[in-house]
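Step one of this worksheet: look at the structure below.
The values are calculated or read from the model by the stated rules, or taken from the named source; none is laboratory data. Remember, it's a predicted structure, so these values are computed and weren't measured experimentally. Using ideal geometry, Cβ is built from the backbone for each residue, glycine included, and neighbour counts are taken over all protein chains shown. For accessibility, only protein heavy atoms count, side chains too; no ligands or nucleic acids. Shrake-Rupley method; radii C 1.70, N 1.55, O 1.52, S 1.80 Å.
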Amino acid sequence: MTYREGAYVVDTRSATLAQVMGNVGTRVQIRKPGGGREWEAPAGALRLATRAEREAAGLRASAAAPSSSPAGCAECVRLDTARRAAGEYGELTEAAVDAMVAVRSHFRDAHVLPAWPR
């Protein structure tokens with residue numbers, strides 16, 4: 001089975017919730033939601049995360065589709081669109097890296113980390 005970019009899965013080897021970042025052959029690049037170091041897993045070691053698992057991690061009900069936001073956030077969509085445009089030709093340019101960092105930083109800060117009391 002292959003998983004689309006942005007889908008939330010569970011690495012059954014460690015019971016870890018992760019987000020799909022890409023696929024290479026039968027291997028899937030994943031990372032914890034909101035950022036962190038990526039790792040690879042065989043597709044057979046993954047399963048789609050349940051709604052309850054996503055919600056327990058502070059994520060909204062559905063996995064991200066291209067140019068959409070799992071949190072229903074317009075800023076996520078805008079940043080992801082810019083990221084896709086910067087990496088359109090498959091080159092890892094400075095602009096593409098900056099765009100990836102912006103997407104991940106925004107998602108972590110706006111949707112994963114708890115808000116501080118004011």
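Structure data summary
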quantity: Pair residue 50, residue 14: separation of 7 Å Cα→Cβ label points (nm); calculated: 2.2 nm
quantity: Gained length - residue 78 relative to residue 26, 0.36 nm times residue gap less alpha-carbon distance; calculated: 15.7 nm
quantity: Amide H contacts of residue 47 (H built 1.01 Å from N, under 5 Å, at least 5 apart or other chain); calculated: 10, 12
quantity: Accessible area in the full protein assembly, largest first, 1.4 Å probe, for 14, 105; calculated: 14, 105
quantity: Region 1-38: trypsin sites (Lys or Arg not before Pro) falling in loop per DSSP and having at most 15 other Cβ within 10 Å; calculated: 4, 13, 37
